[in-house]
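Contents: one structure, followed by commentary.
Each reported figure results from applying straightforward, stated rules to the coordinates on display, with no laboratory input. What you see is a predicted model; the values in this text were computed from it and never measured. Counting neighbours? That spans all protein chains shown, and the Cβs are built from the backbone with ideal geometry, glycine included.
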Amino acid sequence: MQLHQSTWQEIDAYLAGSKGIVLPIGSTEQHGPNGLLGTDAICPEVIAKRAGDEAGFLVGPTFNVGQAQHHMAFAGTITLRPSTMIAVMVDWTASLARHGFEKIYWFNGHGGNIATINAAFAEIYGEWSLKRAGGNSVPVRCQLRNWWELSGVDRLCKEMFPVGEGSHATASEVSVTYAAYPDEVKRVEMSPKIAPNGPILDADDYRRRFPDGRIGSDPSQATPEKGERIIAVASAALIADYRAFLAAS
Ligand code: NI
C-alpha cells in the first residue's frame, strides 16, 4: 500500500490498524556511466514497494533528494544543505505525527545521508526532550535502516560480484535499478574496467579522482536478473526488520 496512491479515507482506515510507515529516502546524484541519477532513491523505493505490497504495510513518498554535495561536479546532481534536509525531515515527521503515526522507518539508499538523518532524528526528539514536562517522552519513534545492511543482502552481493562491486555506482545498486526499469539498461564499456578507490573530499576533487563518477566498481556487470535477486532477498529482510521495529517498545 502506497500513501501517494491512497485516499485520505484509506489512510484513516489504515491508522486504525497500524501507526507505522516506511519512508524510502535517497539521493539524486550521478552514478557513473551506466547508472541512473535516481539510483539511491530508486533502490529503497522498489524494495519498500515490494515488501509493502507483500506484507500489507504503508509506504510513503520517496524523499528523493539528499546529501550529494560531493557529486555536484557532475551534471544532473541535486543536493540539499544538511540544515535544509533536517528541516524537511522534521516537517514530514510532524505532518505524519499529526495524523497519528508513531513509528517512522526511514529506509535509506545513500551512505552520504546517514549523518544528516541521525541529526534530523536528534532534532525531532529535541522538540520533546527540551520540554520540562514529559521530557524524553517522544510521541514518534524513528528508525534508520540502509537497504544494503539488511540480512542476507551483503552476502548475496558479494557472491554475485566478487570483483568490482565497489563503493559508489556499485554493480548491485545498478542491478536493482535495472530490475525496476529494464528499458533503461545502458550498455557501456568501462574504462578502466574497475574504477579507482580513494577519499571523498569536495566536488571538484571528486571529479579529478574519479573522472567517470564510479568508485572502485565495475557496474557493467549489472543485470536486471541480478537486481531481481537482490530485491527478493532485501524485501523479505525488510518485512522482518520493519515488523521488529513496530513490535519494539
Ligand atoms: Ni548509490
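Its Kirkwood hydrodynamic radius, worked out from the mean inverse distance over all distinct Cα pairs, puts segment 143-200 at 13.1 Å. Angle, helix 82-99 long axis vs. longest principal axis of the chain, Cα atoms, 0 to 90°, nearest 10? It is inclined by approximately 40 degrees. Just to be sure I understand the curve: with the Debye formula and one point per C-alpha of segment 1-101, what is log10 I(q)/I(0) at q = 0.12, 0.16, 0.19, 0.21 Å⁻¹? Log10 of I(q)/I(0), two decimals: -0.47, -0.76, -0.96, -1.07.
Compute the Rg/Rh shape ratio of the chain: radius of gyration over Kirkwood radius, all on alpha-carbon atoms. Mind dumping the intermediate values first?
Numbers: Rg = 18.6 Å, Rh = 18.8 Å.
Checking Rg against Rh, the ratio lands at 0.99.
Using the Stokes-Einstein relation with a Kirkwood hydrodynamic radius computed over Cα pairs, the translational diffusion coefficient of segment 37-172 at 37 °C and a viscosity of 0.692 mPa s comes to 197 µm²/s.
Mind jotting down the distance between the C-alpha centroids of segment 190-248 and segment 84-133, whole Å? About 25 Å separates the Cα centre of segment 84-133 from the one of segment 190-248. Note on the chain: with charges restricted to the Cβ of Lys and Arg (+1) and Asp and Glu (-1), its dipole about the Cα centre is near 460 debye. Entry note, segment 3-247: relative contact order of 24 percent, from Cα contacts under 8 Å with a spacing of 6+ residues. According to the calculation over all Cα-Cα pairs in segment 123-249, the P(r) per 5 Å bin from zero is 2, 10, 15, 15, 14, 12, 10, 9, 7, 5, 2, 1, 0 %. Between amide H atoms placed 1.01 Å from N, distances below 5 Å from Gln2 occur with Val59, all of them 5 or more places distant or on a separate chain. In the elastic network of the chain, a GNM with C-alpha springs shorter than 10 Å, the most mobile of Gly26, Gly38, Gly198 is Gly198.
Among the trypsin sites (Lys or Arg not before Pro) in segment 80-168, which ones are in a DSSP loop with at most 15 other Cβ atoms within 10 Å of the Cβ? Mind listing them?
The qualifying sites are Lys131, Arg132.
Between Ile194 and Ala115, what FRET efficiency follows from the Cβ-Cβ distance if R0 is 22 Å, with the result rounded to 0.05? Before the final figure, lay out each step's value.
Working: r = 28 Å, r/R0 = 1.26.
After rounding to 0.05, the efficiency reads 0.20.
Which FRET efficiency, nearest 0.05, do Val163 and Ala232 yield, Cβ-Cβ r, R0 25 Å? Intermediate values should be presented prior to the final figure.
On the way: r = 23 Å, r/R0 = 0.93.
So, using R0 = 25 Å, E works out to roughly 0.60.
Candidate cross-link partners of Lys49 among the lysines, defined by an alpha-carbon separation under 28 Å and a same-chain spacing of 8 or more, comprise Lys19, Lys103, Lys158, Lys186, Lys226. Relative to the dominant Cα principal axis of the chain, helix 171-180 is inclined by about 70°. The phi-based Karplus calculation (6.51 cos²θ - 1.76 cosθ + 1.60; θ = phi - 60°) puts the 3J(HN,Hα) values of segment 151-165 at 3, x, 6, 4, 4, 5, 5, 5, 5, 7, 10, x, 10, x, 5 Hz, whole numbers, x for Gly and Pro. Rounded to the nearest 10 degrees, the angle from helix 114-129 to the longest Cα principal axis of the chain is 10 degrees.
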